[in-house]
Amino acid sequence: MPTGTTKGRKLKADIAIIGGSGLYHMNGLTNLKEIRVTTPFGKPSDSIILGSFEGLNIAFLARHGRGHRIPPSSINYRANIHALKSLGVSRVFSVSAVGSMKEHIRPGDFVLPDQFIDRTTQRLSTFFDQGIVAHVAFADPLCPTLSSLFWKASQKVSVKVHRPGTYLCMEGPQFSTRAESLLYRKWGVDVIGMTNLTEAKLAREAELCYATLALVTDYDCWHETEDAVSVGAILDIMHKNVETAKQVLHQVLNLTKGLGPCACQTALKHAIITPLTRISPALKKRYHVLLQRQLLITRQTKKR
């Protein structure tokens with residue numbers, strides 16, 4: 001649960017921003033509060049920054065921790081998403097650095113993916129691993145409404161944006177071998193990264209709308225006339241990308257005002273296979289934040 005309160009009420013947020021490589025804080029927020037959130041799944045990557053933006057309550061979380069302390073495979077994705085859900089967040093905008101797998105998607109461009117391919121092997125990518133089985137629909141892994149808002153917002157900023165696209169999520173932290181990179185090219189993927197698919201899976205289970213703004217920093221290692229990917233080259237482009245991404249985020253936050261309900265926010269409606277009446281009190285406590293709507297329906301049914 002969140003450790004911070006204000007005037008007797010729990011601190012809450014409507015929208016979350018998860019910042020990736022280079023994006024460790026969000027400009028333009030007022031009434032800032034930094035809170036630590038504990039979850040049944042451990043500690044999030046960092047404290048969560050709460051603030052106001054044009055009447056919206058915003059939560060910001062640095063995916064790798066401030067100072068970039070946590071590699072992709074060691075991020076506690078479950079704690080990150082659970083912490084945001086516990087604050088009342090319903091929509092998550094994610095920003096992350098990626099490599100381009102196509103000639104026309106150049107370093108410095110942005111991509112709005114609509115699909116993923118999973119090449120991870122070490123991640124915990126479901127909340128439902130203890131006593132509850134759930135199978136959420138994931139054919140369309142990103143929220144189309146939030147992706148459209150990202151698209152509209154990017155048109156107001158001087159940056160080239162590509163959509164749709166397929167994001168291949170690799171384990172890392174090493175970059176691809178040249179053979180792997182060439183194989184992924186044959187698969188037709190557009191960008192390669194190390195984080196967003198795991199977030200998207202957990203966001204869907206948490207019934208959160210989730211969309212990705214992918215910032216292209218390099219050509220991976222497939223490109224014959226470009227140097228193989230290096231951290232130095234990535235950092236130069238990443239710093240420029242991050243400043244542009246902040247402008248897009250300011251625009252997209254304004255566009256979220258007045259949004260109605262979304263199908264993402266009822267993703268568990270037909271996904272839970274285990275009868276809720278068979279779930280122990282201890283598990284109900286563990287999963288309360290994620291299943292509060294379903295548990296409320298069960299209690300109301302019993303009263304009839």
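FYI, it's all coordinate maths here, none of it is from the lab. Everything numeric in this text was worked out from a predicted model, so none of it was measured. Every residue, glycine among them, receives a Cβ derived from its backbone with ideal geometry; neighbour counts consider all protein chains shown.
Counting each pair of different Cα atoms once, what's the Kirkwood radius of the chain in Å, rounded to one decimal?
Values: mean 1/r = 0.0504 Å⁻¹.
Result for the chain, one decimal place: 19.9 Å.
For segment 80-187, just say rounded, prolate or oblate: build the C-alpha gyration tensor, square-root its eigenvalues into a ≥ b ≥ c, call rounded for a/c under 1.5, and beyond that prolate if a/b exceeds b/c, oblate if not. Display every interim value, and only then the final one.
Details: a/c = 2.12, a/b = 1.19, b/c = 1.78.
Oblate is the answer for segment 80-187, as a/c is 1.5 or above yet b/c matches or exceeds a/b.
So for Asp109, Asp220, fewest C-beta neighbours within 10 Å to most, what's the order? Intermediate values should be presented prior to the final figure.
Working: Asp109 18, Asp220 25.
With the sparsest Cβ surroundings first, the list reads Asp109, Asp220.
Just from its helices, what would the mean residue ellipticity at 222 nm be for the chain, if runs of 4 or more DSSP H residues each count -39500 (n - 2.57) and the sum is divided by every residue, rounded to the nearest 500 deg cm²/dmol? Mind dumping the intermediate values first?
Values: 7 runs with 88 residues, N = 304.
Estimated from H runs of four or more residues: -9000 deg cm²/dmol.
Got a sec? How would Arg185, Arg123, Arg69 order by Cβ neighbour count within 10 Å, fewest to most? Show your work: numbers first, answer last.
On the way: Arg185 16, Arg123 19, Arg69 11.
With the fewest neighbours first, Arg185, Arg123, Arg69 line up as Arg69, Arg185, Arg123.
Note down the relative contact order for the chain as a percent, whole number, built from C-alpha pairs under 8 angstrom at least six residues apart.
Relative CO of the chain lands at 22 percent.
To the nearest 0.05, what FRET efficiency results for Ser148 and Ala179 with a Förster distance of 35 Å applied to their C-beta separation? Could you put the intermediate results ahead of the total?
Values: r = 37 Å, r/R0 = 1.05.
Efficiency, from the Cβ-Cβ distance: 0.45.
For the chain, with a Gaussian network of springs between Cα atoms less than 10 Å apart, report the residue from Trp187, Trp151, Trp222 with the top mean-square fluctuation.
Comparing Trp187, Trp151, Trp222 in a Gaussian network model of the chain, the most mobile one is Trp187.
Given springs between every Cα pair under 10 Å in a Gaussian network model of the chain, which of Leu259, Leu149, Leu249 has the largest fluctuation?
Leu259
Going by C-beta contacts inside 10 Å, put Ser86, Ser100 in order with the fewest on the left.
Details: Ser86 21, Ser100 27.
Ordered by Cβ neighbours within 10 Å, fewest first: Ser86, Ser100.
Taking every DSSP beta bridge with both residues inside segment 5-303, roughly what % is antiparallel (nearest 5)? Please report the intermediate quantities before stating the final value.
Details: 17 of 45 bridges.
Just about 40 percent of them are antiparallel.
Taking N as the number of residues in segment 1-90, what value does Rg over Cα atoms divided by 2.2 N^0.38 Å take? Numbers along the way, then the final one.
On the way: Rg = 12.3 Å, N = 90, 2.2 N^0.38 = 12.2 Å.
My calculation over the Cα atoms of segment 1-90 gives 1.01.
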